Amino acid sequence: MEPLSLLAGAVTTYIIPKALEKVGEKVGEVALTKGSEMVQATRDAVQNKLKSTNTDGVLAIAEADPTEANLEMLETILLSQMKSDPDFATLLRDFVNRIQSQSPMLQVVLDSVRIKNSVEIGNIEQISEGSAAEQVVGRNLGVGGDLKIGDIRQSVHRKL
């Protein structure tokens with residue numbers, strides 16, 4: 001996945017609170033609390049951009065019904081807007097960086113992956129150093145074949 005795709009996913013996760021509720025995303029909830037001004041600024045920037053390109057209906061649909069399909073549609077539109085407007089992409093990247101600096105650390109492996117055949121993934125290790133962290137291996141997976149993952153090790157080293 002290219003960096004703009006990741007950015008579009010992050011923006012969608014932060015600006016659609018109902019999406020956070022659906023996936024039980026504690027990190028997102030903390031981000032909304034601690035970084036509420038930045039989250040609102042991000043949402044406003046997205047809404048203004050989508051209004052200017054007559055695609056703001058996609059945001060309204062995703063907010064009203066945050067299904068996987070609707071969130072993917074919003075991410076696709078955001079990605080398209082960021083590719084055509086580098087300044088918009090830079091603005092969103094800045095907002096996401098600010099939100100993340102105020103939020104607990106999140107480490108994710110295999111998020112929103114669709115597997116149609118057999119996939120084998122080696123050993124996974126997630127190590128976090130900090131006061132708060134969420135580590136996820138496999139969220140919102142669609143597996144139509146065999147998924148085999150090696151040993152998984154997760155640890156959080158809390159700073160005192």
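Read-outs throughout are calculated quantities, based only on the coordinates presented, and are distinct from any laboratory measurement. Predicted model only: the values in this text are computed from it and were never measured. When we count neighbours, we look across all protein chains shown, and the Cβ atoms used for this are built from the backbone with ideal geometry, even at glycine.
For SER112 and ILE152, FRET efficiency with R0 = 25 Å and r from the beta-carbon atoms, rounded to 0.05? Can you show the working numbers first?
Working: r = 19 Å, r/R0 = 0.74.
Step by step, r from the Cβ atoms, then E = 0.85.
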Under 5 Å, built H, 5+ apart or other chain: amide partners of GLN126: ARG153, GLN154, SER155
Sequence-distant residues sharing a close amide H with VAL108 (under 5 Å, placed H): VAL136
